[in-house]
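The values are calculated or read from the model by the stated rules, or taken from the named source; none is laboratory data. On a predicted model such as this, the values are computed, not experimentally measured, just so you know. Neighbour counts run over all protein chains shown; Cβ positions are idealised from the backbone, glycine included.
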């Protein structure tokens, strides 16, 4: 694994201010236009901005608390959205490639064969409600990954497209990047199973947000993923080029464990 010079506090603060400004703009415009994906993308940038600004001062706990204040209300809105629609399916991360490209998440309103492998070109769609196949009842909700901005920050940190990384190298790359971003300790474990992947990491920040979301937004966490769980699922989807579902995620004393299911193949 290639190791570069670790950024200093000024580098983090400058990047954090940029992310705060960008996140604020996207969030305001997304809210005014009523476009949920844009609002979610802006909130992701805001979370990272808060982390990058405050973490150099060795106040990761403070940064985590501010991240909760900034991100929790909109995430609860998505929770209410899923509850009102009575959605019971788990989201499917659609594979993409390209530096800065982030997988989108399709949450089927009903389980179906067409929903299991949604078209990969949906990653470029700006629509929210998607009709799958010929049956008008086969519909789904297309969302930006809640952890999309974390994936983008990870790629910027590593200066590479995760789609070019081998699965065997993901643990080292992710551990190094998350450590530089102040998210987790450098040791990240990735265990490859027959039909899935398990990921474990020791969080430096965001543990409080993870725990609170599990209590207040269980549908979001279970069916789409928290921002960090979503980031891991999106990263695995890019690396493997496969559809990914979040099977389970738990956090205990800042130790985050995530279990993902991978599709057997990617239909052409």
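The table below lists the values:
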quantity: Selected residue (only one of 227, 218 is within 19 Å of residue 151 (Cβ to Cβ) and out of contact with any strand residue (DSSP E or B) (no Cβ under 9 Å at 6 or more places or on another chain)); calculated: 227
quantity: Qualifying residues in region 128-174 (those that are under 19 Å from the mean Cα position of the chain (by Cα) and assigned to a loop (DSSP other than H, G, I, E, B)) - the one surrounded by the most Cβ atoms within 10 Å (Cβ to Cβ); calculated: 146
quantity: Tally, over region 146-192, of residues that are at pLDDT below 90 and under 21 Å from residue 92 (Cα atoms); calculated: 6
quantity: Qualifying residues in region 244-254 (those that are touching a helix residue (DSSP H, G or I) at 6+ places or on another chain (Cβ under 9 Å) and modelled with pLDDT of 90 or more) - the one nearest to residue 167 (Cα to Cα); calculated: 244
quantity: Hits in region 177-187 (condition: outside any strand (DSSP E or B), surrounded by fewer than 23 Cβ atoms within 10 Å (Cβ to Cβ) and touching a strand residue (DSSP E or B) at 6+ places or on another chain (Cβ under 6 Å)); calculated: 179
quantity: All positions within region 213-243 that are touching a helix residue (DSSP H, G or I) at 6+ places or on another chain (Cβ under 6 Å), farther than 17 Å from residue 257 by Cβ and not in a helix (DSSP H, G or I); calculated: 217
quantity: Flag for residue 190 being surrounded by 15 or more Cβ atoms within 10 Å (Cβ to Cβ) and touching a residue at least 60 places away in the same chain (Cβ under 8 Å); calculated: no
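This table checks each residue for (1) farther than 21 Å from residue 242 by Cβ; (2) in contact with a helix residue (DSSP H, G or I) (Cβ under 9 Å, 6 or more places away or on another chain); (3) in contact (Cβ under 8 Å) with a residue 40 or more places away in the chain.
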| residue | (1), (2), (3) |
| --- | --- |
| 128 | yes, yes, yes |
| 132 | no, yes, no |
| 135 | yes, yes, no |
| 142 | no, yes, yes |
| 146 | no, yes, yes |
| 151 | no, yes, yes |
| 157 | yes, yes, no |
| 169 | no, yes, yes |
| 173 | no, yes, yes |
